[in-house]
Amino acid sequence: MDSPPHVASRTLRERTSPKFDQQRSQDACQKPQQVFARREVIACGGAFNSPQLLMLSGIGPKSQLKKHRIPLVVDLPGVGSNLQDRYELCVVSDLKRDFNALKEADFEASMDAPIFREWKLFGKGLYSTNGSVIGLTKRSSPQQPVPDLYNFGVPAEFLGYFPGYSRDATARKDRFSWMVLKGHTTNRAGTVTLESKNPWDVPKIYFRHVDEGSPGWESDVEAVLDGIKFIRRMNQDTDLREIIDTEVYPGPQCETDDELRQVIRNDAWGHHASCTCRIGPASDDMTVLDSDFRVRGTRNLLVVDASSFPRIPGLFIAAAIYTISEKASDVICKAAG
């Protein structure tokens, strides 16, 4: 499509393009070092770095290791596969006036600011919140067994987690953003592979969010579309219309379902990456970990982080990670006697 939404989409993509500071990582540890473990090693590098660490150590898909001339220790084809994430997008509106609650908020860490001092000294006030003023869950379609959308609003302009997003989000006090988060996503086609055998090289991360995703990716896009249309109806059909001046993103130029689908394809983001070293039964060749978080084919090596899940959990991932961490602690303590 060559409709106006692409102008805004390109701008947003430029703002959210990842930039990796490899030099900073290299400067942190210039000299090779050796560390020896008495009992076991627990990898907690997350959905990207745990599979990278395993592959650099010779544990992973045979073809991937051969390509980078890494000696094979254990052939585990599931390492780095099954990458999953959420889909998120916003509906941002320009308001007719500033928020009264933000009148004294300058979002600077200064004891001269009453709101900051109230938080710093007493843990109370505006800064003691996460900024969200309302949240609700809903099913994107009646066929969903559980609510798969979480919609929440913040008194700020929020367009994604690009560098400097928090500064830009608080620059104005007359913008309101609804976030549409799609949980229980179906796409499992993402991968993490090696760029090279150099540990300083950032791994190749392919989410394959939409057209190249696994079967069912269409339902993920349709769910986000439903969420955007739901938010728009609330903005137009409730008392919110009395304070909203105009929608600035996706904007009035995006009206049809096809135009909105294209915006979702271009701009949807996620920050719950998981499932690249999944737990599962030995009968499944693509599982990496057994039920005790131990890497198959190895001894005294565990992975405990977001990569351990076989499927991305719930609507948010933090509580699920806390839970598996508690479970892993029980397993490790029991094995230690």
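The values are calculated or read from the model by the stated rules, or taken from the named source; none is laboratory data. Quick caveat, the model's predicted, so the values are computed rather than measured. Here the Cβ positions follow ideal geometry from the backbone for every residue, glycine too, while neighbour counts run over all protein chains shown.
Can you name the number of the only condition in (1) modelled with pLDDT of 95 or more; (2) surrounded by 17 or more Cβ atoms within 10 Å (Cβ to Cβ); (3) hydrophobic (A, V, I, L, M, F, W, C); (4) in a loop (DSSP other than H, G, I, E, B) that MET286 fails?
That leaves (2) as the condition not met.
Looking at the range 83-96, which of the residues that are within 15 Å of the chain's Cα centre (by Cα) and assigned to a loop (DSSP other than H, G, I, E, B) is surrounded by the most Cβ atoms within 10 Å (Cβ to Cβ)? Walk me through how you get there before you give the answer.
Taking the range 83-96 as the starting set, the residues that turn out to be within 15 Å of the chain's Cα centre (by Cα) are 83-90.
Narrowing the set further to residues that are assigned to a loop (DSSP other than H, G, I, E, B) leaves 85-86.
Working: ASP85: 22, ARG86: 24.
Once the filter is applied, the top-ranked residue is ARG86.
Would you be able to say whether some residue in the range 238-251 is surrounded by fewer than 19 Cβ atoms within 10 Å (Cβ to Cβ), under 26 Å from GLN143 (Cβ atoms) and touching a strand residue (DSSP E or B) at 6+ places or on another chain (Cβ under 8 Å)?
There is no residue in the range 238-251 that is surrounded by fewer than 19 Cβ atoms within 10 Å (Cβ to Cβ), under 26 Å from GLN143 (Cβ atoms) and touching a strand residue (DSSP E or B) at 6+ places or on another chain (Cβ under 8 Å).
Hey, can you tell me all the residues within the range 177-193 that are aliphatic (A, V, I, L, M) and touching a strand residue (DSSP E or B) at 6+ places or on another chain (Cβ under 7 Å)? Show your work before the answer.
So the first thing to find is which residues in the range 177-193 are aliphatic (A, V, I, L, M), and the list is 179-181, 189, 192.
Within the range 177-193, MET179, VAL180, LEU181, VAL192 meet the criteria.
Please work out which one of (1) more than 19 Å from GLY80 (Cβ to Cβ); (2) modelled with pLDDT under 95; (3) buried (at least 21 other Cβ atoms within 10 Å of the Cβ) is the condition LYS173 fails and give its number.
(3)
Do we find that GLU157 is assigned to a loop (DSSP other than H, G, I, E, B) and at pLDDT below 95 in this structure?
Details: assigned to a loop (DSSP other than H, G, I, E, B): yes; at pLDDT below 95: yes.
Yes.
Looking for something surrounded by 12 or more Cβ atoms within 10 Å (Cβ to Cβ), of a type in the set (Val, Ile, Thr) and in a loop (DSSP other than H, G, I, E, B) - is there at least one such residue anywhere in the range 305-312? Lay out the reasoning, then the answer.
First pass over the range 305-312, keeping only residues surrounded by 12 or more Cβ atoms within 10 Å (Cβ to Cβ): 305-312.
Restricting the remaining residues to those that are of a type in the set (Val, Ile, Thr) gives 312.
Checking the rest, the ones that are also in a loop (DSSP other than H, G, I, E, B) come to 312.
Yes, that holds for at least one residue.
Is it the case, given these coordinates, that ILE231 is modelled with pLDDT under 95, part of a helix (DSSP H, G or I), under 17 Å from TRP178 (Cβ atoms) and under 23 Å from the mean Cα position of the chain (by Cα)? So that I can check it myself, show each step before the final result.
Values: modelled with pLDDT under 95: no; part of a helix (DSSP H, G or I): yes; under 17 Å from TRP178 (Cβ atoms): yes; under 23 Å from the mean Cα position of the chain (by Cα): yes.
It is false that ILE231 is modelled with pLDDT under 95, part of a helix (DSSP H, G or I), under 17 Å from TRP178 (Cβ atoms) and under 23 Å from the mean Cα position of the chain (by Cα).
Answer yes or no: is there a residue in the range 273-283 that is buried (at least 19 other Cβ atoms within 10 Å of the Cβ), at pLDDT 95 or above and in contact with a Lys or Arg (Cβ under 7 Å, 6 or more places away or on another chain).
To start, the set of residues in the range 273-283 that are buried (at least 19 other Cβ atoms within 10 Å of the Cβ) comprises 273-279.
If we keep only those that are at pLDDT 95 or above as well, we get 273-279.
From what is left, the residues that are in contact with a Lys or Arg (Cβ under 7 Å, 6 or more places away or on another chain) are 275.
There is at least one residue in the range 273-283 that is buried (at least 19 other Cβ atoms within 10 Å of the Cβ), at pLDDT 95 or above and in contact with a Lys or Arg (Cβ under 7 Å, 6 or more places away or on another chain).
Suppose the filter is without any contact (Cβ under 8 Å) to a residue 40 or more places away in the chain and among the aromatic types (Phe, Trp, Tyr); does TYR127 pass it?
Details: without any contact (Cβ under 8 Å) to a residue 40 or more places away in the chain: yes; among the aromatic types (Phe, Trp, Tyr): yes.
So TYR127 fits the description; yes.
Within the bounds of the range 160-176, is there any residue that is within 27 Å of CYS275 (Cβ to Cβ), assigned to a loop (DSSP other than H, G, I, E, B) and either free of Cβ contacts under 8 Å to residues at least 24 places away in the same chain or in contact with a strand residue (DSSP E or B) (Cβ under 6 Å, 6 or more places away or on another chain) (or both)?
yes
Would you be able to say whether some residue in the range 191-206 is assigned to a loop (DSSP other than H, G, I, E, B), crowded, with 16+ Cβ neighbours inside 10 Å and modelled with pLDDT of 95 or more?
Checked the range 191-206: at least one residue is assigned to a loop (DSSP other than H, G, I, E, B), crowded, with 16+ Cβ neighbours inside 10 Å and modelled with pLDDT of 95 or more.
Taking the range 196-244, which residues are among the small types (Gly, Ala, Ser) and over 30 Å from PRO71 (Cβ atoms)?
Residues of the range 196-244 among the small types (Gly, Ala, Ser): 196, 213-214, 216, 219, 223, 227.
Hits for the range 196-244 are GLY213, SER214, GLY216, SER219, ALA223, GLY227.
When the residues of the range 190-223 are filtered to those that are among the basic types (Lys, Arg) and farther than 18 Å from GLU88 by Cβ, which remaining residue is farthest from the chain's Cα centre (by Cα)? Don't jump to the end; show me each part of the working.
In the first step, residues of the range 190-223 are kept if they are among the basic types (Lys, Arg); the result is 197, 204, 208.
With the extra rule that they be farther than 18 Å from GLU88 by Cβ, the set shrinks to 197, 204.
Values: LYS197: 26, LYS204: 16 Å.
Among those that are among the basic types (Lys, Arg) and farther than 18 Å from GLU88 by Cβ, it is LYS197.
For the range 97-150, how many residues are loosely packed, with under 12 Cβ neighbours inside 10 Å and on the phi > 0 side of the Ramachandran plot?
Adding up the residues that qualify gives 1.
What single numbered condition from (1) part of a helix (DSSP H, G or I); (2) in contact (Cβ under 8 Å) with a residue 60 or more places away in the chain; (3) exposed (fewer than 15 other Cβ atoms within 10 Å of the Cβ) fails to hold for GLY297?
(1)
Pull up the range 45-74, narrow it to residues that are touching a helix residue (DSSP H, G or I) at 6+ places or on another chain (Cβ under 7 Å) and within 18 Å of SER308 (Cα to Cα), then point me to the one that is surrounded by the fewest Cβ atoms within 10 Å (Cβ to Cβ).
So, considering only residues that are touching a helix residue (DSSP H, G or I) at 6+ places or on another chain (Cβ under 7 Å) and within 18 Å of SER308 (Cα to Cα), the one surrounded by the fewest Cβ atoms within 10 Å (Cβ to Cβ) is GLY45.
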